[in-house]
1. Over the chain, with a Gaussian network built from C-alpha contacts below 10 Å, which listed residue (Cys75, Cys158, Cys206) shows the highest mean-square fluctuation?
2. Would you look at the GNM of the chain, springs on alpha carbons closer than 10 Å, and say which of Glu177, Glu152, Glu67 moves the most?
3. Could you tell me which of the pairs Lys99/Lys145; Lys98/Lys145; Lys16/Lys98 are separated by over 32 angstrom between their Cα atoms in the structure shown?
4. Using 0.36 nm per residue of separation minus the Cα-Cα distance, give me the extension gain between His9 and Ile105 in nm, one decimal.
5. Quick one: among Asp37, Asp124, Asp201, which has the greatest mean-square fluctuation in a GNM of the chain with alpha-carbon springs under 10 angstrom?
6. Counting other Cβ atoms within 10 Å, keep those with at most 16, restrict to DSSP loop, and tell me which trypsin sites (Lys or Arg not before Pro) in the stretch 66-141 are left.
7. Using a simple charge model, +1 on the beta-carbon of Lys and Arg, -1 on the beta-carbon of Asp and Glu, nothing else, what dipole does the stretch 51-220 show about its Cα centre, in debye to the nearest 20?
8. Over the stretch 51-220, what is the mean sequence separation of C-alpha contacts under 8 Å (at least six apart), divided by residue count, expressed as relative contact order in percent?
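No value in this document is a laboratory result; all are computed from the given coordinates. Note that the structure is a prediction, hence the values are computed from the model and not measured. FYI the Cβ positions are ideal-geometry reconstructions off the backbone, even for glycines, and counts take in every protein chain you see.
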Amino acid sequence: MSILFQNDHSGIMSSKRKTPWLEYNGNTIADSQLGMDFLSDRLDLQLDINLSQEHRAVARAFRELAEENLYWTMCYESFVRNPKSLDVLLKDVFSPLKKFMFKNIIGFFVKRQLWSQGMGRHSDSEIWQIGREDLTALSQYLGEKPYLMGAEPCQADCSVFGMLAMVVWQMRGSRHEQFVYAELPNLVQYCERVRDRFWPDWDNRCKRLDFVDDNHKIYCQR
Ligand SMILES: N[C@@H](CCC(=O)N[C@@H](CS)C(=O)NCC(=O)O)C(=O)O
């Protein structure tokens, strides 16, 4: 089953002042996992039904590793250590002024978050050790399997792919990127596998195709 969707790149944050969020038939749900839970419930998707309890627990642990630990090492790498790597992400999406603001003003807030969360209190080499070990754990657990928990994808693959896709395609020149390409090729192949299966039109979607809708919000079809 596939659900028709349209991405909204207007930059509007959720009620929780975070992104991503989704809107479905007038319901707005903030947070990617809560969004998935909502859709799963509403459309009776029965996600992860084939996973054993043990595998569900492992999948959850890897999701949290990706979203709540590796993520912060990536924030540090991209916003503090090597903001130039953000250029790929921002491409032509932002004007030069917005790019400057994104890197510096948002960078300032990300640094504060890194401090509050705790990752920002570690030294540069300690943060990279954490990032490297998270990536290695993902690579070792994935091994030669097509997806994290076996032959078919599960919800945790959404999170893990989301993070790794940034590492593989968006963090140009970062230690994370260099490490996976040099040492953990199964993670690169994993990203390519998920991309090719779920987004056969990836290249077109990654092109910027703006249009203005009735509310004069700028959307970007990706
Ligand atoms: N667990 C949340 C994480 C959301 C999150 O932290 N998003 C970041 C961008 S990747 C954000 O909105 N940051 C803005 C802020 O924290 O003020 C989810 O998966 O939806």
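1. Cys206
2. Evaluated over the chain, the most mobile residue of the options is Glu152.
3. Distance filter (> 32 Å) returns Lys99/Lys145; Lys98/Lys145.
4. 32.7 nm
5. Judging by the Gaussian network model, the answer is Asp201.
6. Lys91
7. Here the size comes out at about 580 debye.
8. 27 percent
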